[in-house]
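The values are calculated or read from the model by the stated rules, or taken from the named source; none is laboratory data. A quick note: this is a predicted structure, and the numbers were derived from the prediction, not measured. Here the Cβ positions follow ideal geometry from the backbone for every residue, glycine too, while neighbour counts run over all protein chains shown. Just the protein is used for accessible areas: all its heavy atoms, side chains included, with ligands, DNA and RNA removed. Shrake-Rupley method; radii C 1.70, N 1.55, O 1.52, S 1.80 Å.
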Amino acid sequence: MTASDLAYVPFVDVEEMMHLVLDIGLETCLADLTAYIEEDFRRWPLFDKTPRVASHSRDGVIELMPTSDGREYAFKYVNGHPANMKKGLQTVTAFGLLADVESGYPVLLSEMTILTALRTGATSALATRILARPGSQTLAMIGNGAQSEFQALALKTVCGVTALRLFDTDPEATRKCMANLADSGLAVTICNSAEEAVQGADIVTTCTADKQIATVLHDNMIGAGVHINAIGGDCPGKTELQSDILNRADVFVEYPPQTRIEGEIQQMAPDFPVTELWEVLSGAAEGRRDSRQITLFDGVGFAIEDFSALRWLRDQVVRLDRGQRLDMIADPDDPRDLFGMIERERHRRAAA
Ligand SMILES: NC(=O)c1ccc[n+]([C@@H]2O[C@H](COP(=O)([O-])OP(=O)(O)OC[C@H]3O[C@@H](n4cnc5c(N)ncnc54)[C@H](O)[C@@H]3O)[C@@H](O)[C@H]2O)c1
């Protein structure tokens, strides 16, 4: 590959992402992403790992999430602003980049608002497939916002969920979610409270947005054998579960140094025992031991999942010959003559 080839960076904008999802099929995307994330979790020790770099403000957070496997490097820019919705803006938006470690040149730039929703659904699906009781079919989905349909469909596709019980403090969100899933094949029930939603559920996913220590799930709502994906608590001072649940559950996390800052376990002592999800995949740690155990995936979203998502997307762009070519890397004929490149442009403009 020449420098000129690398100067033009493949770019997936929002429209292209939507077309890719529609052409490949949303459920196929979710299943494939789950496989890519699993593949990278299985080689976890290879990756550079650091808690994401967060810049907090009164109403939200802006974060950078970098990682590398030594061959490729990725980062995501993502925000989390729960108050945005009232202003007609999204809570979460994102974009990201994949680069070649050998040259340091980017190989893909992409929108990641949609991709984040897909990868977050896929990560929950991976955790649920590993940890939920075999035969789990009913999912209670608390928080029916932007992420919710992706969460539900990922668990349908990857884990065999057939029934969905919805609750959101805003009935409008629940109506939107139900309408969007009308043709999904899931049997959807609207519930009037979180208590009602969890009744009979094998799996409970909390995906609410509130910048506070909230109690979306009380201890008495969680019976034996349930698997919980707690997705919405992903920032210091922003949790969803009563801490008693954490004491009754076996807690599984992505990367403990980040989860202890951001996850449900920020409520617990610094040495609160957790198991890393990748260790269950590698066989180094035990997952579910019996059908009465409560398993909790305290998911905050880790950089390796975004790396996997960008890797998957790059493979689709290559396979389907998609994406624009963005003139993003300045590419002087003589690599040391960047200044001269501007000068030559000055002469070209003067002559024109
Ligand atoms: N763990 C991850 O990897 C990951 C990835 C993406 C988003 N998130 C987090 O997930 C959360 C949801 O994201 P989103 O994009 O769907 O947000 P969103 O704003 O689109 O939806 C959140 C929904 O939660 C509802 N809600 C708020 N408080 C509630 C409560 N107490 N009970 C029931 N419903 C309640 C709101 O009415 C809203 O409909 C955010 O906190 C976001 O930061 C986590």
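Note on exposure: ASP168, ASP298 ranked by accessible area (1.4 Å probe, complete protein assembly) read ASP168, ASP298, with the most exposed listed first. Restricting the calculation to Cα atoms, the range 195-288 shows an Rg/Rh of 0.95 when the hydrodynamic-style radius is the Kirkwood one.
Pull up the DSSP beta bridges for the chain and report the antiparallel fraction as a percent, rounded to 5.
50 percent
Across GLU38, GLU196, GLU102, mean-square fluctuation computed from a Gaussian network of the chain (C-alpha pairs under 10 Å connected) peaks at GLU102. Across the range 244-252, computed HN-Hα scalar couplings (Karplus, 6.51 cos²θ - 1.76 cosθ + 1.60, θ = phi - 60°) run 4, 4, 5, 6, 8, 9, 8, 9, 10 Hz from first to last residue, x flagging Gly and Pro.
For the range 251-333, the alpha carbon positions stretch 61, 27, 19 Å along the principal axes, listed from largest to smallest.
Each Lys or Arg adds one and each Asp or Glu subtracts one; over the other residues with Cβ under 13 Å from the Cβ of PHE11, this totals -2.
Apply the Debye scattering formula to the range 130-187, with a single equal point scatterer on each alpha-carbon and no solvent, then give log10 I(q)/I(0) at q = 0.12, 0.28 Å⁻¹. Reported log10 I(q)/I(0), two decimals: -0.25, -1.19. When the Gaussian network model of the chain links Cα atoms closer than 10 Å, the mean-square fluctuations of SER282, SER148, SER57 top out at SER57. Computed per residue of the chain from DSSP H runs no shorter than four, each worth -39500 (n - 2.57), the mean residue ellipticity at 222 nm is -11000 deg cm²/dmol. In this structure, the amide hydrogen of MET328, modeled 1.01 Å from its nitrogen in the peptide plane, lies closer than 5 angstrom to those of VAL9, counting only residues at least 5 positions away or on a different chain.
Convex hull over the alpha-carbon atoms of the range 133-286: what's its volume per residue in Å³? Each step should come with its number before you reach the end.
Numbers: hull volume 16.8 nm³, N = 154.
Output value, Cα hull per residue: 109 Å³.
For the range 95-165, the equivalent ellipsoid derived from the Cα gyration tensor has semi-axes of 31, 15, 7 Å, listed largest first.
Within the assembled protein chains, the solvent-accessible surface assigned to TRP278 is about 50 Å², based on a 1.4 Å probe. In the range 39-111, Rg over Rh equals 1.07, where Rg is the alpha-carbon radius of gyration and Rh the Kirkwood radius from pairwise Cα distances.
If you count Lys pairs in the chain whose Cα atoms are under 30 Å apart, skipping same-chain pairs closer than 8 places in sequence, the total is 21. Take MET328: with every protein chain present and a 1.4 Å probe, its accessible area is about 70 Å². Toward the positive end of the charge dipole of the range 49-175, with +1 on the Cβ of Lys and Arg and -1 on the Cβ of Asp and Glu, the farthest Cα among GLY80, LEU164, GLY143 is that of LEU164. Working from Cα positions, state the angle (0 to 90°, nearest 10) between the long axis of helix 148-159 and the longest principal axis of the chain. For 148-159 against the chain, the angle is about 80 degrees.
Taking amide hydrogens as placed 1.01 Å from N in the peptide plane, the amide H of MET112 sits under 5 Å from those of ALA94, PHE95, GLY96, each at least 5 positions away in sequence or on another chain. Accessible area per residue was computed with a 1.4 Å probe on protein heavy atoms; ARG260 scores about 70 Å².
Largest first, the residues ARG42, ARG71, ARG119, ARG314 sort by 1.4 Å accessible area into ARG71, ARG42, ARG314, ARG119.
3J(HN,Hα) along the range 325-341, derived from phi through the Karplus expression 6.51 cos²θ - 1.76 cosθ + 1.60 where θ = phi - 60°, amounts to 9, 9, 7, 10, 10, 4, 9, x, 4, 9, x, 8, 10, 5, 4, x, 4 Hz, with x in place of Gly and Pro. Working note: Cα atoms of the range 1-155, range along each principal axis, descending, whole Å: 52, 40, 34.
Separation of the range 207-243 from the range 271-296 is 19 Å, based on Cα centroids.
Over all orientations, the chain has a Cα convex hull whose mean projected area works out to 20.0 square nanometres.
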